[in-house]
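See below for the structure under consideration.
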Amino acid sequence: MADSNGSTDPTKSTSDNPPPADSNINHAASLSYWNGVPATSNAMLAMLGNYPWYTRIDLRGSKTFLNKVRRMIPGGSAEGKLQNAVDCGAGVGRVTEGFLSHVCEVVDAVEPVEKFTAVLAASPLKSSGAVGKIYVMGIEDWVPEKEYDLIWTQFCVGHVTDAQLGVYLQRCRDALKETGVIVFKENISTDPNGRDMYDEEDSSVTRTDEKFRALFKEAGLNVIASELQLGFPKNFKLLPVRFYALRPKS
């Protein structure tokens, strides 16, 4: 679509060249959506399709993938617990409680919805010391204050733009210990034209595998392992979920 001076405005779309999906992201709308979700694990599961078997398969897949990755890192090992990790997009702590707290001594949390972090702050995990510092903010605003063995990012990056995600990745890269690793676990776009998909309901974007890999590369990160989450029944036709294990380029 051309302006009156004949130049092309890249923010305006045509049927052949739609604007980037992430240009539709509205952070206020995203927060409003999630603030309308009850602060319970059952409600979190409802957002994942309300399938009682989902979380069991999800967490088992995460543990298996991390074990593989830990053996791949020079000087690393799958034996024993990691010293410290951070759960980015922690929600009420479903992943921290069911997985990360079993493989890490202390897990920090990053989550922008205050009523979700309140649940985590009042949990036995927090009182026992298994949960460390809780950052009530989005990943786009989080600046790591220490180095981590594991930065776990799951089902949350759809709420930030490509540019914000790039900055987040750089911050995570610089916050890794020598044998540390970043793990992304995210839905993957199935758009027939190979584009990212925008969801108006929660103002989020589901990115393509190609987009993720390009963003990782731009942030100075290598994908050392990647695979699809297996075990979800095919008849439910869920979006594919892919793991990425990331390490700084040498």
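The strands (runs of 3 or more DSSP E) found wholly in region 172-250 and carrying at least 2 residues that are more than 22 Å from Trp152 (Cβ to Cβ) occupy 197-199. Among the residues of region 147-171, just one is part of a loop (DSSP other than H, G, I, E, B), touching a Gly at 6+ places or on another chain (Cβ under 8 Å) and over 28 Å from Asn67 (Cβ atoms), namely Val160.
Filtering region 216-227 for residues that are closer than 22 Å to Val95 by Cα and surrounded by 20 or more Cβ atoms within 10 Å (Cβ to Cβ) leaves an empty set. In this structure, Leu221 qualifies as out of contact with any Ser or Thr (no Cβ under 6 Å at 6 or more places or on another chain), within 23 Å of Gly75 (Cα to Cα) and touching a residue at least 24 places away in the same chain (Cβ under 8 Å).
Each reported figure results from applying straightforward, stated rules to the coordinates on display, with no laboratory input. What you see is a predicted model, and the numbers here were worked out from it, not measured in a lab. Here the Cβ is made from the backbone with ideal geometry for all residues, glycine too, and neighbour counts use every protein chain on show.
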